[in-house]
1. Test residue 150 against the criterion of being farther than 24 Å from residue 310 by Cβ, touching a helix residue (DSSP H, G or I) at 6+ places or on another chain (Cβ under 7 Å) and part of a helix (DSSP H, G or I), and give yes or no.
2. List the number of the failed condition for residue 90; all other conditions in (1) surrounded by 17 or more Cβ atoms within 10 Å (Cβ to Cβ); (2) at pLDDT below 90; (3) in contact with a helix residue (DSSP H, G or I) (Cβ under 6 Å, 6 or more places away or on another chain) hold.
3. Given the options 194, 177, 181, name the one that is over 26 Å from residue 87 (Cα atoms), over 24 Å from the mean Cα position of the chain (by Cα) and either surrounded by 15 or more Cβ atoms within 10 Å (Cβ to Cβ) or at pLDDT below 85 (or both).
4. Within region 164-183, which residues are more than 17 Å from residue 312 (Cβ to Cβ) and part of a helix (DSSP H, G or I)?
5. Just to be sure I understand, how many residues within region 205-245 are assigned to a helix (DSSP H, G or I) and exposed (fewer than 12 other Cβ atoms within 10 Å of the Cβ)?
6. Could you list all residues from region 97-123 that are surrounded by fewer than 19 Cβ atoms within 10 Å (Cβ to Cβ), in a helix (DSSP H, G or I) and modelled with pLDDT under 85?
7. State whether the residues of region 33-56 include one that is in contact (Cβ under 8 Å) with a residue 60 or more places away in the chain and surrounded by 14 or more Cβ atoms within 10 Å (Cβ to Cβ).
């Protein structure tokens, strides 16, 4: 369970946040520089100064930077959603996909692909599927006494299993030429283009809510009765956390499909570094999640260039051993 006795002083946390904040622009610059075609930054700056077109400028500002910006927004959204879900369920091993939101998005997105519609309709369908799945989970998991973490978790797991069966059905009836695109989307697929205003607005709005409510998150993790005794309206807070995590997951899947491990590994890693106080955990996880996925996106398009890997493959290769290491390290700290 969570432990708020971190022993991290404010100065050390300040240096950590400063490092993570600097890591964001550094990762974006690195992603813009690295690829199958080398970039001459002198040509890029000359194009910016004179306005004369150049291939390097086009690659950086129309291809790499928009994809990297989308990766940052997706990584930050998944990491923040992971923090919210872990606090909501009082379980540091929860992740954004535990309630089946990504499954609903995937079913709607794959259905649109099966029918032959364009990518813009795929993103819209994924958003509709994610929100619909979240609404069904909220409706089914509530009883006369509100929500219990166990009932919410079980409902989400059952919904995710149902969506998984539908995904398998859609893949089984799809034509051979469609399956590759579907599988690529299911494992994380960044299209050319930036994240867009709506996705950034959702992320910033839920970030503001999370920072404002961080004291309530701390008390809620300590126990519902204790939180209520200290003036926290737990029902409203938990409902807002559930909606926020669902919307952040919808942002992620509409931009890049289903990318695993970021929402699970990043909050867990940051909890070991900065502690469980959400006033520290929220900004640290957001910055780390964004930077980590920018690097993963860069590796996905460069490891086997000119071929491109699904980003989810990179996050899985990195996330599995990293999470096992963090889990073992955390268990050692608990026994000390």
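The values are calculated or read from the model by the stated rules, or taken from the named source; none is laboratory data. Remember, predicted model here, so these are calculated numbers, not experimental data. Cβ sites come from the backbone with ideal geometry, for glycine too, and all protein chains shown count toward neighbours.
1. On the way: farther than 24 Å from residue 310 by Cβ: yes; touching a helix residue (DSSP H, G or I) at 6+ places or on another chain (Cβ under 7 Å): no; part of a helix (DSSP H, G or I): yes.
No.
2. (1) is the only condition that residue 90 fails.
3. Numbers: 194 fails: over 24 Å from the mean Cα position of the chain (by Cα); 181 fails: over 24 Å from the mean Cα position of the chain (by Cα).
Just one listed residue meets the conditions, 177.
4. 165, 166, 168, 169, 170, 172, 173, 176, 177, 178
5. Residues flagged as assigned to a helix (DSSP H, G or I) and exposed (fewer than 12 other Cβ atoms within 10 Å of the Cβ) within region 205-245 amount to 5.
6. Within region 97-123, 119, 120, 121 meet the criteria.
7. Going through region 33-56, the residues in contact (Cβ under 8 Å) with a residue 60 or more places away in the chain turn out to be 34-36.
Next cut, surrounded by 14 or more Cβ atoms within 10 Å (Cβ to Cβ) only: 34-35.
Scanning region 33-56 turns up at least one residue that is in contact (Cβ under 8 Å) with a residue 60 or more places away in the chain and surrounded by 14 or more Cβ atoms within 10 Å (Cβ to Cβ).
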